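Visitor: Okay, handing you the structure first.
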Amino acid sequence: MNAPVGASAPGFGDRRGIHDPNRSALALEGQWSFTSLLFGQPAQPFLASPQAFEHRHGTQFHPELTGRENIYLSGTILGMTKREIDRKFDEIIAFAEIEKFLDTPLKHFSTGMQMRLAFAVAAHLEPEILFVDEVLAVGDIEFQKKCLGKMQEVSKSGRTIVFVSHQMNQIRRLCQRVGWIDGGSIRQSGATHEVVSAYESAMARGERNGNRLERGPAIKGRFVRWEIADASGDSPHILNALNAVTLKVTVDIRQHISTGHYGIALRNHEQQVVWAWETQPLQLNIGEQQLSHVFPTLPLRPGLYTWLVALYDEGDLVDIWDCIPEMMVATENFQHPDDQWSGILNIPVGFEINGEQQSPHHDRKVFP
């Protein structure tokens, strides 16, 4: 499953709004379906006039037709034969949960009912490529669970899902690759944890422009680098396991530190302090000194974090440094699937009922 992320804009999920750097439309071959459910209101393709059918792509509904008639209309536009629609009809109705309103004109459907029906039709088309635009941003919890399950089912069958969303935690949980779209162009594409973390970092830096800390005079010393010792990934700045962690900070001491005061803090991409620690008095000799911090584990929510280190001597600032590059936490995600219930800690947990261990269901939602 793949996911584009980026700033909201008209046509973000519209097929006509996906372009290559040369501004020519990307050609999509094969059978494909496009559902656009954006921030609680159906996008224009859902409730389109007859004239709109000529130039709009996607799940097409007409407000004057009944739910039953719209299933056949939309299925036909999406490339299904009548026999295919007949075969899938009961599944579509059961998924959308609109049995009692099947012969009611669509204009009397609530937004949620229209959305459920639209996704049901598109998801049961069995496309090679399924576009899903912010479908999890709206709808009740039970419907969102069904959408998650259906998307995972489609993905496991070998078909491609392009999931457009601003729910970073959902993207981490569902997608293997992410494309970051910025200004109509692909800014970055790659593994989910890399792209999502870079996106979150850029958003945080945009809020912090001009607010970088002023470093010390660099007369007595300077922080020069940091790393995760024995990092198992490609970079000493990526944390990808919940094992013991040794963080090493190197400081270049230029004058002897006799009454040192050292502190370190960890902040997330929203600049919230996650953890902090200090020690004094401290003596440091001239030359590069390595300050090591040993953690039994760092069970942090996947994303980007910044280490802040500071050194004082006799009450005067020696140096203070927002360590660069930032630390990317790319461990397995054990968080709740909804961003609003995702906390700072990322801790695996066993679950038992009457002493019998239960298998985790990551798509289960129990909070409103």
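Visitor: Taking Lys156 as the anchor, which lysines have their alpha carbon closer than 17 Å to its alpha carbon, excluding any fewer than eight residues away along the same chain?
Guide: Lys145, Lys146
Visitor: Another question about this same structure. PRE reach from Glu126 (point 7 Å along Cα→Cβ): which of segment 86-107 fall under 18 Å by backbone N?
Guide: Only 86-95 pass the distance filter.
Visitor: Let me ask something else. Choose one of Ile181, His166, Leu148: the residue whose Cα lies farthest towards the positive end of the charge dipole of segment 138-191 (beta-carbon charges +1 Lys, Arg; -1 Asp, Glu; about the Cα centre).
Guide: Towards the positive end, the residue furthest out is Leu148.
Visitor: I would also like to ask the following. Say each of Trp275 and Glu64 gets a label point 7 Å from the Cα, pointing the same way as Cα to Cβ; how far apart are those two points in nm?
Guide: Rounded to a tenth, the inter-label distance reads 6.5 nm.
Visitor: Quick one: what does P(r) look like for segment 221-329 with 5 Å bins over all Cα pairs, in whole %?
Guide: Each 5 Å bin holds this share of Cα pairs: 2, 12, 23, 25, 18, 12, 7, 2.
Visitor: For Ala244 and Arg177, calculate 0.36 nm times their separation in residues minus their Cα-Cα distance, and state this gained length in nm to one decimal.
Guide: 21.3 nm
Visitor: Nearest 0.05, what FRET efficiency do Asp103 and Arg83 give at R0 = 30 Å with Cβ-Cβ as r?
Guide: For R0 = 30 Å, the calculated efficiency reads 0.85.
Visitor: If you don't mind, another one. Would you mind computing, in nm to one decimal, how far apart the modelled labels at Gln283 and Ala191 are, each placed 7 Å from Cα along Cα→Cβ?
Guide: 4.5 nm
Visitor: Another question, then. At what distance in nm do the modelled label points of Asp90 and Ile347 sit from each other, each positioned 7 Å from its Cα along Cα→Cβ?
Guide: Taking the two extended label points, one gets 4.7 nm.
Visitor: Let me ask you something else. Among the lysines, select those whose C-alpha is under 30 Å from the C-alpha of Lys150, and discard any that sit fewer than 8 residues away in the same chain.
Guide: Lys82, Lys88, Lys100, Lys107, Lys365
Visitor: Express the Stokes-Einstein translational diffusion coefficient of segment 274-328 in µm² s⁻¹, to the nearest whole number, given a Kirkwood radius over alpha-carbon pairs, 10 °C and a viscosity of 1.306 mPa s.
Guide: Diffusion coefficient, whole number: 116 µm²/s.
Visitor: Taking the Cα centre of segment 221-329 as the origin, how large is its charge dipole in debye, to the nearest 20, when only Lys and Arg (+1) and Asp and Glu (-1) carry charge on their Cβ atoms?
Guide: 200 debye
Visitor: Using the number of other C-beta atoms within 10 angstrom as an exposure proxy, rank Ser74, Ser157, Ser342 with the fewest first.
Guide: Working: Ser74 27, Ser157 8, Ser342 21.
The fewest-first ordering by Cβ neighbours comes to Ser157, Ser342, Ser74.
Visitor: Exposure proxy check: Lys220, Lys145 ranked by fewest other beta carbons within 10 Å?
Guide: Lys145, Lys220
Visitor: While we're on this one: Can you list residues whose amide H is under 5 Å from Glu332's amide H, if they're 5+ apart or on another chain and H is modeled 1.01 Å from N?
Guide: HN-HN under 5 Å from Glu332: empty list.
Visitor: Using modelled backbone amide H atoms (1.01 Å from N, in-plane), which distant-in-sequence or interchain residues come within less than 5 Å of Phe131's amide H?
Guide: The answer is Ser33, Phe34, Thr35, Val162.
A short reminder: the numbers here are calculations on the coordinates, not readings from a lab. No experiment lies behind these values; they were computed from the predicted model shown. Glycine gets a Cβ as well: all are built from the backbone with ideal geometry, and neighbour counts include every protein chain shown.
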